[in-house]
1. Could you tell me which residue of the range 116-166 is modelled with the highest pLDDT, considering only residues that are more than 20 Å from PRO85 (Cβ to Cβ) and not in a helix (DSSP H, G or I)?
2. Taking the range 247-269 as the search range and keeping residues that are surrounded by fewer than 22 Cβ atoms within 10 Å (Cβ to Cβ) and without any contact (Cβ under 8 Å) to a residue 60 or more places away in the chain, which one is nearest to MET93 (Cα to Cα)?
3. Just one of the numbered conditions (1) under 27 Å from ALA196 (Cα atoms); (2) among the polar types (S, T, N, Q); (3) touching a Gly at 6+ places or on another chain (Cβ under 8 Å) is not true of THR59; which one?
4. Inside the range 209-242, can you point out the residues that are under 20 Å from VAL103 (Cβ atoms) and loosely packed, with under 14 Cβ neighbours inside 10 Å?
5. State which residue is surrounded by the most Cβ atoms within 10 Å (Cβ to Cβ) when the search covers only the range 28-48 and only residues that are assigned to a helix (DSSP H, G or I) and aliphatic (A, V, I, L, M).
6. Please go through (1) surrounded by fewer than 23 Cβ atoms within 10 Å (Cβ to Cβ); (2) closer than 13 Å to LEU126 by Cβ for GLY83 and return the number of the only condition it doesn't satisfy.
7. Out of curiosity, is ILE296 surrounded by fewer than 22 Cβ atoms within 10 Å (Cβ to Cβ) and more than 24 Å from ILE26 (Cβ to Cβ)?
8. Look at the range 173-195 and say how many of its residues are at pLDDT 85 or above and of a type in the set (Ser, Thr, Tyr).
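The values are calculated or read from the model by the stated rules, or taken from the named source; none is laboratory data. No experiment lies behind these values; they were computed from the predicted model shown. Using ideal geometry, Cβ is built from the backbone for each residue, glycine included, and neighbour counts are taken over all protein chains shown.
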Amino acid sequence: MFSQSFLQLNTIFISILIESIPFILIGVFISGFIQMFVSEEMIARIIPKNRFLAVLYATLFGALFPACECGIVPIVRRLLLKGVPLHAAIPFMLTAPIINPIVLFSTYIAFGNQIDMVLYRSGLALVVAFLVGIILSFQFKGNQLLEKGTRNTHHHHHHHSTKQTFKKKFVDMLSHAVDEFFSVGKYLILGAFIAAAMQTYLKTSTLLEIGQTDVTSSIVMMFLAFVMSLCSEADAFIASSFSSTFSVGSIVAFLVIGPMVDIKNTLMMLSVFNKRFVFILICYIAIFVLVGSLFI
């Protein structure tokens, strides 16, 4: 019995890693690219000064990035260091893993070519990210990054302001990506392991018993999404397997909260942001997703 559950844990652990690593690689390369080739001035030109516009812009901008929730954290950290305001960076972090074309298409396929699930999922994600962004713009000043990340980049930054050859920039970009990969990777591995353990030892039947009312079924599905830590490209296929037992609203909650907050990316956020900020952010997301799912 023990060996069987251990095997299951092992299998889930490895599959989470295999799913996540390609996206982390994409993420750290984009992050390295931003570091080397995107200047603060370019970013300042793109992002509107008005906070409402900036938040709206950032939530929709997520559609262009086929990033997974694990690959997006390094990108967001780099954007913040480049001077993107917190209230624009966070909505982008929340929507990019959900409203990009790959995820929406996989959601469409997973639910038997039903467009309504795609609309619910992307709609709720946009609303949640927008509301969170607006609240953050009033509540927090500064980028909320942990100190250790900011110091060394300022040091690098003086380094880059001199004109460099493309080759040198490219090599620097690769070395940034490698550093970032190892700093993010350890949190991914830890998160994947915890998620695998929870999936192995948590009984689904218990959850089904708890999830009888609208509110509890949404909470159960949100908890499941957090624990399972699926990549947003694949979670719709898992979610559709619950559609006979859980309400549409709670399945939408599962599809929205998973890519925004799960075990893997919580650990990654804690490695990048202040703890208090991460805690507050997760509370806002959870409340808005829950309320939104009840409307659905």
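1. THR165
2. Here the answer is GLY249.
3. With (1) under 27 Å from ALA196 (Cα atoms); (2) among the polar types (S, T, N, Q); (3) touching a Gly at 6+ places or on another chain (Cβ under 8 Å) applied to THR59, the lone miss is (1).
4. If the condition is that a residue be under 20 Å from VAL103 (Cβ atoms) and loosely packed, with under 14 Cβ neighbours inside 10 Å, then SER241 is the only one that fits.
5. The qualifying residue surrounded by the most Cβ atoms within 10 Å (Cβ to Cβ) is VAL28.
6. Only one criterion in (1) surrounded by fewer than 23 Cβ atoms within 10 Å (Cβ to Cβ); (2) closer than 13 Å to LEU126 by Cβ is unmet by GLY83, namely (2).
7. It is true that ILE296 is surrounded by fewer than 22 Cβ atoms within 10 Å (Cβ to Cβ) and more than 24 Å from ILE26 (Cβ to Cβ).
8. Number satisfying all stated conditions: 1.
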